[in-house]
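Encoded as structure tokens, the structure appears first; notes follow it.
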Amino acid sequence: MVSSWAEDELVMISALEHFSYCPRQCALIHVENVYDENLYTLRGNRAHERVHDEVESETQEGVRIERGMPLFSERLGLVGRSDVVEFGPGDAPLPVEYKVGPRRENRHDDLQLCAQGLCLEEMFGREVRSGAVFHYSSRRRREVEFTEELREATERTVGRVREMVLASWVPPPVADARCPKCSLLDACLPFALAGMDAPSRLARLFDPDSPEL
């Protein structure tokens with residue numbers, strides 16, 4: 001397929017979750033190409049590996065299950081890969097995202113899942129009204145309805161991620177409760193840099209005698 005989007009204009013579906021959780025985290029990964037592992041990312045990666053280690057396609061109780069399906073939306077300039085897409089008899093495709101952790105409402109996951117649904121709608125020419133998030137810790141599934149509000153929020157996020165990446169903009173650190181569990185804590189230096197103006201942040205980053213570095 002020939003895309004009308006330049007390669008640097010395409011947005012990864014995974015970037016939507018990163019941006020929703022923390023725009024700076026998203027920029028470090030998708031602008032600066034920084035990615036580190038910690039306990040939480042290792043658990044998440046292992047959960048996804050278990051899904052993709054299984055056979056790519058199978059049928060269970062009349063439902064065809066496709067794993068690792070490439071996804072794209074030419075309209076939105078979105079690309080990515082699914083964990084699982086289910087095809088029931090005569091039904092529209094249903095994306096299923098696998099996550100570590102207990103079953104709970106999570107706006108970041110919902111945006112990522114909805115983006116998959118928008119891709120599948122375009123790819124198969126059928127309305128995709130919902131998807132599901134499977135939580136490994138609780139072994140429970142949470143259904144997510146793709147409401148108009150969620151669809152609009154997803155499309156807005158795609159545009160914001162694209163603008164940030166094309167501008168090569170890295171937002172300032174937030175230095176809040178999200179930071180200690182983030183795998184990019186050492187690269188981000190949120191508590192060392194928060195509250196400083198831009199020149200001060202740059203000076204601290206490039207000062208070899210800085211105690212925070």
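Every number here is computed from the coordinates shown, using simple stated rules; none is lab data. Predicted, not measured: the structure shown is a model, and the values here were computed from it. Here the Cβ positions follow ideal geometry from the backbone for every residue, glycine too, while neighbour counts run over all protein chains shown.
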The stretch 137-192 shape via C-alpha gyration tensor axes, a/c threshold 1.5: oblate
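For a Förster distance of 22 Å, can you work out the FRET efficiency between the beta-carbons of VAL34 and ALA6, rounded to the nearest 0.05?
Numbers: r = 23 Å, r/R0 = 1.04.
That pair, VAL34 with ALA6, gives E of 0.45.
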Where does the charge balance sit around PHE19 when Lys and Arg score +1, Asp and Glu -1, over other residues with C-beta under 11 Å from its C-beta? +2
Exposure-ranked with fewest Cβ neighbours within 10 Å first, VAL85, VAL79 stand as VAL79, VAL85
